[in-house]
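Everything below concerns the one structure shown next.
The values are calculated or read from the model by the stated rules, or taken from the named source; none is laboratory data. Fair warning: this is a prediction, and the values are worked out from it, not measured in the lab. Glycine also receives a Cβ, built like all others from the backbone with ideal geometry; neighbour counts cover every protein chain displayed. All accessible areas refer to the heavy atoms of the entire protein, side chains included, with ligands and DNA or RNA removed. Shrake-Rupley method; radii C 1.70, N 1.55, O 1.52, S 1.80 Å.
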Amino acid sequence: MSVANVAVICMPDRGHYQRMRPIIAGLHRLGASVSVFTHQALRGEIEQAGGTFADLFAHGTVEDTDDESWPLTVRFVTFAARFAEPLARDVAASGASIVIGDTFAVIARAVANRLAVPYVNVCAGPAVVPDR
């Protein structure tokens, strides 16, 4: 079996990342190369889990794109519309053959569609106490 290249795309909220961390670590243990596109604040944790950090916001932030829409989660749709194309190029450069995204990372599905690769959604439940 060849080593898989996986792209994980996750919004930076602690509760969303916590759901992705065991997936990143598990894929790494299985020998996959896991590129994790998220906020730089999570870089250390990503590397500890065996992933390779990639900056989801290298081309612009959610706030740069939309600082008015309500509810706040609608801004992730605007972010996806604006930055899916450059992020798709970044994901393609990682060699990923599958994209795994948290539910709020709308951009993950857009990237997978652009690259014509499978997409897996990880539905994060509410984290009332996200640091736990």
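Numbers for the structure displayed
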{"read-out": "Count of the range 44-72 residues which are in a helix (DSSP H, G or I), among the β-branched types (Val, Ile, Thr) and touching a strand residue (DSSP E or B) at 6+ places or on another chain (Cβ under 8 Å)", "value": "1"}
{"read-out": "Given (1) in a helix (DSSP H, G or I); (2) open to solvent by 50 Å² or more (accessible area, probe 1.4 Å); (3) not charged (D, E, K, R), number of the condition residue 27 does not satisfy", "value": "(2)"}
{"read-out": "Selection within the range 83-104 - closer than 14 Å to residue 56 by Cα and at pLDDT below 95", "value": "102, 104"}
{"read-out": "Residues (surrounded by 15 or more Cβ atoms within 10 Å (Cβ to Cβ) and of a type in the set (A, V, I, L, M, F, W, C)) located in the range 48-76", "value": "49, 53, 54, 56, 57, 62, 76"}
{"read-out": "Residue match in the range 14-24 (condition: within 24 Å of residue 118 (Cβ to Cβ), surrounded by fewer than 16 Cβ atoms within 10 Å (Cβ to Cβ) and not polar (S, T, N, Q))", "value": "yes"}
{"read-out": "Test result for residue 41, free of Cβ contacts under 8 Å to residues at least 60 places away in the same chain, part of a helix (DSSP H, G or I) and either in contact with a Pro (Cβ under 7 Å, 6 or more places away or on another chain) or at positive phi (or both)", "value": "yes"}
{"read-out": "Flag if residue 34 is open to solvent by 50 Å² or more (accessible area, probe 1.4 Å) and either in contact with a strand residue (DSSP E or B) (Cβ under 9 Å, 6 or more places away or on another chain) or modelled with pLDDT under 95 (or both)", "value": "no"}
